[in-house]
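In what follows, a single structure is set out as structure tokens and then discussed.
The values are calculated or read from the model by the stated rules, or taken from the named source; none is laboratory data. In this text the structure is predicted, and so the values were computed from the model without any measurement. Cβ placement follows ideal geometry from the backbone for every residue including glycine, while neighbour counts extend to all protein chains displayed.
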Amino acid sequence: MSDYHHTKVLIIGSGPAGYTAGVYASRAMLSPILIQGIEPGGQLTTTTEVENWPGDTEVQGPDLMVRMEAHAKAMGCEIIGDIVTKLELKSRPFIATCDSGSKYTADAIILATGARAKWLGLPSEEKYKGFGVSACATCDGFFYRGQEIAVIGGGNTAVEEALFLTNFASKVTLIHRRDELRAEKILQDRLFKNPKIETIWFHELDEVIGTDSPLGVEAIRIKNTKNGKLSEVPCKGVFVAIGHAPATELVKDILETHNGGYIKVEPGTTRTSIPGIFAAGDLTDHIYRQAVTSAGMGCMAALDAEKFIAESN
């Protein structure tokens, strides 16, 4: 028999957006329940030093998320280690079913399931993640001052990352499997004019080469997409920039989306296409994708939910 729990606000996801929503919803006396999901703490748990979180000159990503969870708990947010597998949003109260079999009913739901960087799926890529392989230039570019860096990809994400990385790197090599970029023309123009950037066409990443003790990247092996010929490019950092995928599996056929699957919200709010359902953080943000902006949206979502519940009573 299913175990039912009711809450005024159910928060799904446990990154900066989810935990901040938990803090604000608790302060509004809404007794929120937060379900952590498959990756408690979100993307920040896969990074090391975070140097752009206000108030901390440097903080370890996992440590920051532990503190956020503790803060939400201290405010009164109930935190559940479970995974939501189904949402029923056609009528209120909304119903969430979890992997454990538990069911939660809620007057409002805040979706904060985040987004995941797309990866190539190479064993060597996985091996050096966080040790020279990254998917976030704004997070990790600072650590490669004066170094040579490679960027993999050909869309807006790749070109933006390559341009940003020229602020730190001595040289940026952009690797693309075709001979033209998908990025906006204005971005391409900036890329081709930048003397620090070299583009290698018709190549794809074959293997990340590095040291084992300590773990670190030394070069990449790339393969010609036309003739299969292998070559090496020396670099200390590899940025895989083939886009992000918002974690919308629960609601992609229910809520309105845009820009490749991100949840659409009313401008200036966190309101989605269903009243009472709010979205915050990387799930809806295809532009900034920063911890601090996600936290800000978590605050907005809690306040929007508080207002919605007050007006519904």
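A few points about this structure:
- Some residue of segment 137-157 being of a type in the set (D, E, K, R), outside the structural domain of Arg289 (by TED's automatic domain parsing), within 27 Å of Trp53 (Cβ to Cβ) and in contact (Cβ under 8 Å) with a residue 12 or more places away in the chain: yes
- Here segment 273-313 is the region considered, the condition is being assigned to a loop (DSSP other than H, G, I, E, B) and under 22 Å from Gly243 (Cβ atoms), and the residue that is modelled with the lowest pLDDT is Arg289.
- So Thr113, is it in a loop (DSSP other than H, G, I, E, B) and either under 26 Å from Lys307 (Cβ atoms) or not assigned by TED's automatic domain parsing to the domain that holds Gly260 (or both): yes
- If you go through segment 118-127 and keep only what is in a loop (DSSP other than H, G, I, E, B) and either free of Cβ contacts under 8 Å to residues at least 24 places away in the same chain or farther than 19 Å from Ala158 by Cα (or both), you end up with just Gly121.
- All strands (runs of 3 or more DSSP E) inside segment 170-256 with 2 or more residues being under 13 Å from Ala158 (Cα atoms) and in contact (Cβ under 8 Å) with a residue 60 or more places away in the chain: 237-240
- Of all the residues in segment 125-168, those that are in contact with a Lys or Arg (Cβ under 8 Å, 6 or more places away or on another chain) and charged (D, E, K, R) number 1.
- Here segment 115-139 is the region considered, the condition is being aromatic (Phe, Trp, Tyr) and under 19 Å from Phe168 (Cβ atoms), and the residue that is surrounded by the most Cβ atoms within 10 Å (Cβ to Cβ) is Tyr128.
- Restricting segment 105-119 to residues that are modelled with pLDDT under 95 and not small (Gly, Ala, Ser), the residue that is nearest to the chain's Cα centre (by Cα): Arg116
- For segment 64-88, taking the residues that are surrounded by 15 or more Cβ atoms within 10 Å (Cβ to Cβ) and charged (D, E, K, R), the one that is nearest to Gly101 (Cα to Cα) is identified as Asp82.
- Any hit, segment 212-230, residues being β-branched (Val, Ile, Thr), farther than 17 Å from Lys129 by Cβ and touching a helix residue (DSSP H, G or I) at 6+ places or on another chain (Cβ under 9 Å): no
- All conditions in (1) crowded, with 18+ Cβ neighbours inside 10 Å; (2) touching a residue at least 60 places away in the same chain (Cβ under 8 Å) hold for Val292, with the sole exception of (1).
- On inspection, Ala305 fails the criterion of being touching a helix residue (DSSP H, G or I) at 6+ places or on another chain (Cβ under 6 Å), aliphatic (A, V, I, L, M), within 22 Å of Glu69 (Cα to Cα) and assigned by TED's automatic domain parsing to the domain that holds Pro16.
- Of all the listed residues (Met75, Met65), the sole one being outside the structural domain of Ala137 (by TED's automatic domain parsing), without any contact (Cβ under 8 Å) to a residue 60 or more places away in the chain, farther than 30 Å from Lys127 by Cβ and not small (Gly, Ala, Ser) is Met75.
Residue-by-condition table, conditions (1) touching a helix residue (DSSP H, G or I) at 6+ places or on another chain (Cβ under 8 Å); (2) surrounded by fewer than 24 Cβ atoms within 10 Å (Cβ to Cβ); (3) not hydrophobic (A, V, I, L, M, F, W, C):
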residue: Gly141; (1), (2), (3): yes, yes, yes
residue: Val159; (1), (2), (3): yes, no, no
residue: Ala162; (1), (2), (3): yes, no, no
residue: Leu181; (1), (2), (3): yes, yes, no
residue: Gln188; (1), (2), (3): yes, yes, yes
